[in-house]
Amino acid sequence: MSYALDFGWLNEALEPILQGALATIFLTAVTAVLGTICSILGAMAARSGSVALRGAIEAYVELIRNTPFLVQLFFIFFGLPSLGLRLDATVAAILAMTINLSAYGTEIVGAGLDAVSRGQREAGQALGLRPRLVFLKIVLPQALRVIFPALTSQVVIMMLESAVVSQIAVRELTYQADMLQARTFRAFETYLVVTGVYLGMSVVLRRLMVQGGRKLLAGGVS
């Protein structure tokens with residue numbers, strides 16, 4: 001059985017594909033910022049003096065890391081309305097992605113914090129810095145330098161996992177691909193093109209984050 005490739009529909013499909021790619025980039029950018037902030041806060045809480053707070057963070061990390069992202073997304077979008085909390089699809093997608101990224105990010109940032117020697121903290125305290133400034137000025141920058149490659153990889157993974165949010169009709173790249181193949185009946189060509197777009201976005205995102213890390217973090221990022 002022969003199959004003839006047909007990309008004649010592609011010119012008209014460029015606009016929805018671009019719109020979908022931009023939506024995916026938007027979701028990833030917002031999630032990366034919120035997820036990184038939540039990861040730092042989570043890692044700090046996991047190392048606090050409160051046993052209850054440490055236990056809550058550990059339970060959260062285990063829950064999110066051991067359940068499917070799709071189930072988490074459906075719980076937020078379809079489950080919460082049963083409790084009277086109805087969210088817009090895009091808001092639900094960002095919330096689910098942030099919660100998921102934060103669970104993995106908390107472990108990544110925590111590993112970076114543990115890698116900073118206690119002597120660094122003691123040196124800052126000896127200079128008369130308050131504990132908060134010691135963390136922000138001395139500990140956190142060194143920790144981020146250590147874990148930046150792992151954090152970058154996790155953000156890229158989250159961008160790829162964002163394809164799942166098409167299941168709640170968020171108009172990102174995979175949603176647009178589903179609509180295109182339904183109209184053109186060229187599933188192979190459609191998903192081949194979209195696969196290439198995802199690959200390109202992943203490569204560009206990784207390189208941008210590495211270059212940005214080199215500028216923001218002293219000593220560079222490999």
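Between residues in the range 188-204 that are farther than 16 Å from Leu18 by Cβ and residues that are part of a helix (DSSP H, G or I), which pairs lie under 8 Å by C-beta distance while being six or more apart or on different chains?
From residues that are farther than 16 Å from Leu18 by Cβ, the pairs are Glu189/Leu10; Tyr191/Ala177; Tyr191/Gln181; Ser202/Val156; Ser202/Met159; Ser202/Leu160.
Residue-wise test of (1) loosely packed, with under 14 Cβ neighbours inside 10 Å; (2) of a type in the set (Lys, Arg); (3) closer than 30 Å to Asp6 by Cα.
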position	(1), (2), (3)
Val170	no, no, yes
Tyr175	no, no, yes
Ala187	yes, no, yes
Leu199	yes, no, yes
Gly213	no, no, no
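May I ask you to verify whether Gln211 is part of a helix (DSSP H, G or I), farther than 24 Å from Leu151 by Cα and among the polar types (S, T, N, Q)?
Working: part of a helix (DSSP H, G or I): yes; farther than 24 Å from Leu151 by Cα: no; among the polar types (S, T, N, Q): yes.
So Gln211 does not fit the description; no.
Output the residues belonging to the range 33-47 that are in a helix (DSSP H, G or I) and in contact (Cβ under 8 Å) with a residue 40 or more places away in the chain.
Leu34, Gly35, Thr36, Cys38, Ser39, Ile40, Gly42, Ala43, Met44, Ala46
Give me the pairs, please: first residue somewhere in the range 1-19 and more than 14 Å from Arg183 (Cα to Cα), second residue anywhere and in a helix (DSSP H, G or I) and among the aromatic types (Phe, Trp, Tyr), beta-carbon distance under 9 Å, and either six or more positions apart or on two chains.
Tyr3/Phe188; Leu5/Phe188
Kindly indicate whether Leu140 is of a type outside the set (Phe, Trp, Tyr) and within 19 Å of Thr31 (Cβ to Cβ).
Here the answer is no, as Leu140 does not meet what is asked.
Which residue, of Arg171, Arg186, is under 19 Å from the mean Cα position of the chain (by Cα) and charged (D, E, K, R)?
Within the list Arg171, Arg186, the selection yields Arg171.
When you check Gln167 against the structure, is it over 16 Å from Met209 (Cα atoms), outside any loop (DSSP other than H, G, I, E, B) and out of contact with any Ser or Thr (no Cβ under 8 Å at 6 or more places or on another chain), yes or no?
Yes; evaluated as a whole, the condition is true for this residue.
None of the figures in this text is laboratory data; all of them are computed from the coordinates on show. Given the structure is predicted, the values throughout are model-derived calculations rather than measurements. Note that each Cβ is placed from the backbone with ideal geometry, even for glycine, and that neighbours are counted across all protein chains shown.
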